Every structure is written in structure tokens, then in C-alpha cells.
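Engineer: I'd like to ask some things about the structure below.
The values are calculated or read from the model by the stated rules, or taken from the named source; none is laboratory data. Being a predicted model, the structure only gives us computed values, none of them experimental. Cβ placement follows ideal geometry from the backbone for every residue including glycine, while neighbour counts extend to all protein chains displayed. Accessible surface is based on the protein model in full, side chains and every heavy atom, while ligands, DNA and RNA are left aside. Shrake-Rupley method; radii C 1.70, N 1.55, O 1.52, S 1.80 Å.
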Amino acid sequence: VQLQASGGGLVQAGGSLRLSCAASGRTFSNYHMGWFRQAPGKEREFVAAINWRGGSTHYGDSVKGRFIISRDNAKNTVYLQMSSLKPEDTAVYYCAAQHFGSGWYPTRDEYDYWGQGTRVTVSS
């Protein structure tokens, strides 16, 4: 499956952004989806994940209560609504997909497919 992330940009602290990740090439609804991020000089960090049906979500501790992951299987797209952004949210954000037929550890960066990333910069 091919993944195309978009929606990144420059925002002031306290602001909001919505990232999108459009999938193509396979049946999107057969995949669990995740968002990860990587800041300069840091390891890739789990942000959020949603199961193939959309009925189960997971969040990293640093974004709980501020970010919301959702998906629209009819549009082959997963979203990350980010609110109350902080400078420490600055990173390149990646979407990822894992087929629902294999074991799924939402917070591990062991997904089958990855998008190219979209940059988010939060100014103080």
C-alpha cells in the first residue's frame, strides 16, 4: 500500500493542525493505521494508532487529550487532528499501515508500510 501524508506546516503554540494520510494500492480497510513522529536528533516516537475498523484507538502519553486519530475507510484516509500544539510537537510526522491479519502492536514502529512524512513546526 502507498501512503501519502499531508497537512503539515508552521503553526503557533496553542494552535491546531490536521494531518491526512491517503492510502492507495490495497484495500485500506484491511489495515491498522498509525502515526509516528521524529524530531531532529531524536528517535522515532509513537503518536497514535487506530485499528482497521476504527473502533480502537491508542495514543502516546505526550499527546493524550490533545490529538485525535480517525479514519474514513470510504476515502482511504486516516487523519490526525492536533490541538493545543506545543513547540515539543515539532517533528516530521509519518503515517504507517499494518495488515490486520498479522499481529499488531500499535505503539511499536513495526508497521509494514510507511509514508514519506510531513513536517510540523510549532513556534513558541
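Engineer: For region 55-62, does any single residue satisfy the condition of being at pLDDT below 95 and out of contact with any Leu (no Cβ under 7 Å at 6 or more places or on another chain)?
Structural biologist: Yes, because at least one residue in region 55-62 is at pLDDT below 95 and out of contact with any Leu (no Cβ under 7 Å at 6 or more places or on another chain).
Engineer: Do we find that ILE68 is over 14 Å from GLY117 (Cβ atoms), under 10 Å from the mean Cα position of the chain (by Cα) and open to solvent by 20 Å² or more (accessible area, probe 1.4 Å) in this structure?
Structural biologist: Yes: the conditions hold for ILE68.
Engineer: A follow-up question, please. Would you mind stating whether SER124 is in contact with a helix residue (DSSP H, G or I) (Cβ under 6 Å, 6 or more places away or on another chain) and open to solvent by 30 Å² or more (accessible area, probe 1.4 Å)?
Structural biologist: For SER124, the condition - in contact with a helix residue (DSSP H, G or I) (Cβ under 6 Å, 6 or more places away or on another chain) and open to solvent by 30 Å² or more (accessible area, probe 1.4 Å) - is met.
Engineer: Let me ask another. So, in region 14-53, exactly how many residues are over 14 Å from ILE69 (Cβ atoms), open to solvent by less than 70 Å² (accessible area, probe 1.4 Å), assigned to a loop (DSSP other than H, G, I, E, B) and at pLDDT 95 or above?
Structural biologist: The qualifying residues number 4.
Engineer: Can you give me the number of residues within region 77-101 that are open to solvent by 50 Å² or more (accessible area, probe 1.4 Å) and farther than 19 Å from LYS42 by Cβ?
Structural biologist: Residues in region 77-101 being open to solvent by 50 Å² or more (accessible area, probe 1.4 Å) and farther than 19 Å from LYS42 by Cβ: 5 in total.
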